[in-house]
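Only one structure is covered here, and it is reproduced in the block below.
The values are calculated or read from the model by the stated rules, or taken from the named source; none is laboratory data. Quick caveat, the model's predicted, so the values are computed rather than measured. Neighbour counts run over all protein chains shown; Cβ positions are idealised from the backbone, glycine included.
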Amino acid sequence: MDSAGDAFAFPFRSPNWLGTIVLQGLILIIPIIGQIALLGWLMVTVDNLRAGRQELAPAGFHLGRGIALFGVELIYGIALFIIPGILEGIWWPRYQGGQATSESDALFQDAYNFYTKLPWAHVYAYNIYVNPVMAAGV
């Protein structure tokens, strides 16, 4: 691909692209298995691009290719939510919707607010930057 426009246009050049995308979207509705299948489909499509074929992979359950990437995403997601979960468990009984009453409670509230918003920034950055790099095999 020579330009960003080619990256956006190549799926539509593939034969039967609409049926492939619709079917893969329907597979995505299945909890967990659908996401694994979609990640596998993404990996097979990237393999096609590496081989010089600008076409989408056939729709289907590409579970063997997607399970590793799903495992990485799962572990990464769990790790990002451990600290906020611990803080939530400690802070919620003390706070209960009111304002902090002491300086230590205020500092704890600041830490809680910081760590509950931080994982969302990481998830965004991961999906924007890391996922495409991993899919490309760089």
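Just need a number here: residues in the range 1-32 that are surrounded by 10 or more Cβ atoms within 10 Å (Cβ to Cβ) and among the acidic types (Asp, Glu).
Total meeting the criteria: 1.
Take the range 1-29 and flag every residue that is assigned to a loop (DSSP other than H, G, I, E, B) and either more than 23 Å from the chain's Cα centre (by Cα) or modelled with pLDDT under 90 (or both).
The first filter runs over the range 1-29 and keeps only residues assigned to a loop (DSSP other than H, G, I, E, B), leaving 1-3, 14-16, 29.
Selection gives 1, 2, 3, 14, 15, 16.
Across the range 33-56, which residue is surrounded by the most Cβ atoms within 10 Å (Cβ to Cβ) among those that are within 19 Å of residue 7 (Cα to Cα) and free of Cβ contacts under 8 Å to residues at least 24 places away in the same chain?
In this case the residue turns out to be 45.
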